[in-house]
Amino acid sequence: MLELEDFQKGSARICEWIARYYRDLESFPVKSQVRPGEVYGMIPAAAPAGPEPLEAILSDLDRVILPGITHWQHPNFHAYFTANASVESVFAEMITAAVGAQCMIWDTSPAAAELEQRMLEWFREAMDLPAGFEGVIQDTASSATLVAIITAREVKTGFRSNYEGVPSNLRVYCSQQTHSSIEKGVGISGIGKKNLVKVAVDGRQRMIPAEFEKHVQEDLRNGLIPCCAIATVGTTGTLAVDPVREIGEICEKYGIWLHVDAAYAGSALLLPEYRWMGEGIGKADSFVFNPHKWLFTNFDCSAYFVRDAGALIRTFGILPEYLRTSTRGLVNDYRDWGIQLGRRFRALKLWFVMRSYGISGLQEKLRKHIRLNELFAERLRNEAWFEIIGQPFLNFTCFRYHPRDTDVDVTLNELNASLLEKVNRTGKIFLSHTKIGEMFVLRFVIGQTYVEQKHMDFAFEAIREAAGRIDAERLFTNDQRSFTKHGDA
């Protein structure tokens with residue numbers, strides 16, 4: 001059992017472990033190779049009866065825990081969307097843990113509240129967001145979107161549903177490609193999943209505004225109440241960008257709360273050449289993006305902006321006697337800006353990252369990842385086995401293995417599922433997939449904090465090698481079938 005005076009010695013060991021982890025990171029399989037239940041079986045069934053030394057705990061960290069970790073900071077991690085850390089954000093997180101502040105209101109740590117306010121203002125200016133937006137840090141975009149849906153619900157019901165219950169005729173709209181958190185949020189909010197309308201998308205997987213308006217008009221004719229719409233800037237499956245301005249105009253016309261979910265791609269609004277993605281955000285009531293995805297700030301940290309902070313506070317504010325303070329109304333008490341009462345000091349890691357990189361450094365990193373993705377797409381185009389699906393965008397490409405001798409979708413889906421399994425089983429790189437219609441496609445994201453071109457090259461060769469093995473297996477199988485057929489004859 002460590003005493004406070006043991007901290008310096010113990011922290012040196014922890015820092016050594018972290019430094020060794022980052023130094024050796026590329027030697028680990030990207031995706032954990034353990035079997036279900038393997039880690040659980042290595043952990044004793046009962047807690048230790050007495051104290052154990054730090055050395056024993058660190059030894060088991062290496063022996064038991066590390067093999068069961070999928071390494072999200074690995075430069076060969078290309079699955080899902082990245083959840084990036086950086087040296088700076090790790091330093092800040094260590095200080096946050098040491099301080100251990102519970103930042104629910106201004107009085108419980110004034111610096112935390114005021115730094116949070118200023119960090120969101122920095123982002124607002126750097127990303128050219130509307131001047132009237134006010135920001136707050138949520139844990140994830142899923143929580144932020146739930147907050148948006150609940151606030152929209154309260155605005156639409158005159159702030160009565162928190163007290164009286166939720167009417168059964170509220171409607172929420174999103175595209176068929178919108179993140180699953182929307183459906184979950186609609187259920188949790190009490191609006192009900194049956195009242196979520198999924199609007200058709202075009203050939204680029206973007207919501208079709210005319211189809212959205214048709215649904216709204218039909219719902220109004222049927223006595224239903226359009227409440228909230230979610231436009232996505234960078235869908236999870238294909239990084240599609242919904243036409244925010246057109247959707248916003250429809251929302252203005254019918255009095256619908258517009259929430260813009262830019263959880264991943266929103267970071268690119270730091271780049272002037274990608275500001276077109278945010279065209280029309282001024283018509284939005286709320287907007288979210290995650291610095292913990294592509295801005296090198298470790299999980300979790302989600303930046304949520306609202307046009308009317310008063311509506312947000314009226315929705316979530318509650319004031320028991322033990323939380324009354326003399327500063328109320330003079331400062332931002334962020335526990336009134338979301339679901340949680342208890343709040344971590346997340347603004348500190350944003351401060352460390354933004355000061356260490358500067359806007360120019362963040363822009364340089366983003367542009368580097370975009371260039372690497374362009375190189376990856378170029379290599380795919382030059383390889384006969386592969387087909388790019390859609391247009392590579394930002395640091396993201398969808399593609400599939402497509403041998404020239406087959407165009408049967410079911411067969412291609414099976415081949416690509418096999419390719420994904422083979423690639424990930426090697427532990428060399430980690431990919432994920434999506435479906436576009438009935439087409440099984442592979443997703444490639446290149447956004448790790450410290451990724452270099454050599455890692456992109458390595459990933460391409462690993463994919464190409466796995467495709468080559470599948471092609472050889474196919475040829476062998478076809479030869480066997482041909483031999484059997486002729487032998488029978």
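The values are calculated or read from the model by the stated rules, or taken from the named source; none is laboratory data. Here the structure is a predicted model, which means the values were calculated and not measured. Every residue, glycine among them, receives a Cβ derived from its backbone with ideal geometry; neighbour counts consider all protein chains shown.
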**Request:** State all residues of segment 356-379 that are of a type outside the set (S, T, N, Q) and free of Cβ contacts under 8 Å to residues at least 24 places away in the same chain; if no residue qualifies, say none.
**Result:** 358, 361, 364, 368, 371, 374, 377, 378
**Message:** One residue is enough: does segment 120-132 have a residue meeting the conditions buried (at least 16 other Cβ atoms within 10 Å of the Cβ), in contact with a Lys or Arg (Cβ under 9 Å, 6 or more places away or on another chain), modelled with pLDDT of 95 or more and on the phi < 0 side of the Ramachandran plot?
**Reply:** yes
**Request:** Please enumerate the residues belonging to segment 346-397 that are surrounded by 17 or more Cβ atoms within 10 Å (Cβ to Cβ) and among the small types (Gly, Ala, Ser).
**Result:** 347, 377, 390
**Request:** Tell me, yes or no, whether segment 91-105 has at least one residue that is touching a helix residue (DSSP H, G or I) at 6+ places or on another chain (Cβ under 7 Å), among the polar types (S, T, N, Q) and assigned to a loop (DSSP other than H, G, I, E, B).
**Result:** yes
**Complete:** When restricted to 460, 399, 444, the only residue in contact (Cβ under 8 Å) with a residue 40 or more places away in the chain and over 12 Å from residue 76 (Cα atoms) is 399
**Request:** Check whether at least one residue in segment 132-148 is hydroxyl-bearing (Ser, Thr, Tyr), touching a residue at least 40 places away in the same chain (Cβ under 8 Å) and either within 24 Å of residue 327 (Cβ to Cβ) or in a strand (DSSP E or B) (or both), and report yes or no.
**Result:** no
**Those residues of segment 238-250 which are under 27 Å from residue 439 (Cβ atoms), in contact with a helix residue (DSSP H, G or I) (Cβ under 9 Å, 6 or more places away or on another chain) and among the aliphatic types (A, V, I, L, M), in sequence order** = 239, 241, 244, 247
**Request:** Give me a count of the residues in segment 207-237 that are buried (at least 23 other Cβ atoms within 10 Å of the Cβ) and either touching a helix residue (DSSP H, G or I) at 6+ places or on another chain (Cβ under 7 Å) or farther than 17 Å from residue 290 by Cβ (or both).
**Result:** 10
**Message:** Looking at segment 108-119, can you tell me whether even one residue there is free of Cβ contacts under 8 Å to residues at least 24 places away in the same chain and hydroxyl-bearing (Ser, Thr, Tyr)?
**Reply:** yes
**Message:** Against the condition surrounded by fewer than 19 Cβ atoms within 10 Å (Cβ to Cβ), within 24 Å of residue 255 (Cα to Cα) and among the hydroxyl-bearing types (Ser, Thr, Tyr), how does residue 168 come out, does it pass?
**Reply:** yes
**Request:** Report, ordered by the first and then the second residue, all pairs with beta carbons closer than 9 Å, sequence separation of six or more or different chains, a first member in segment 313-340 that is in contact (Cβ under 8 Å) with a residue 40 or more places away in the chain, and a second member that is basic (Lys, Arg).
**Result:** 315/153; 316/335; 323/335; 334/343; 335/343
**Request:** Confirm whether residue 184 is in contact with a Lys or Arg (Cβ under 9 Å, 6 or more places away or on another chain) and either at positive phi or not aromatic (Phe, Trp, Tyr) (or both).
**Result:** yes
**Request:** Please go through segment 32-90 and pick out each residue that is in contact with a Lys or Arg (Cβ under 6 Å, 6 or more places away or on another chain) and among the aromatic types (Phe, Trp, Tyr).
**Result:** 81
**Prompt:** Does segment 374-384 include one or more residues that are within 22 Å of residue 203 (Cα to Cα), in a helix (DSSP H, G or I) and not charged (D, E, K, R)?
**Reply:** yes
**Prompt:** Any idea which of 208, 188, 247, 182 is β-branched (Val, Ile, Thr), modelled with pLDDT under 95 and over 22 Å from residue 82 (Cβ atoms)?
**Reply:** 188
**Complete:** Within segment 438-463, residues surrounded by fewer than 17 Cβ atoms within 10 Å (Cβ to Cβ) and over 22 Å from the mean Cα position of the chain (by Cα) come out as 438, 439, 453, 454, 457, 458, 461
**Request:** Determine, yes or no, whether residue 383 is farther than 30 Å from residue 257 by Cβ, of a type in the set (D, E, K, R) and at pLDDT below 95.
**Result:** yes
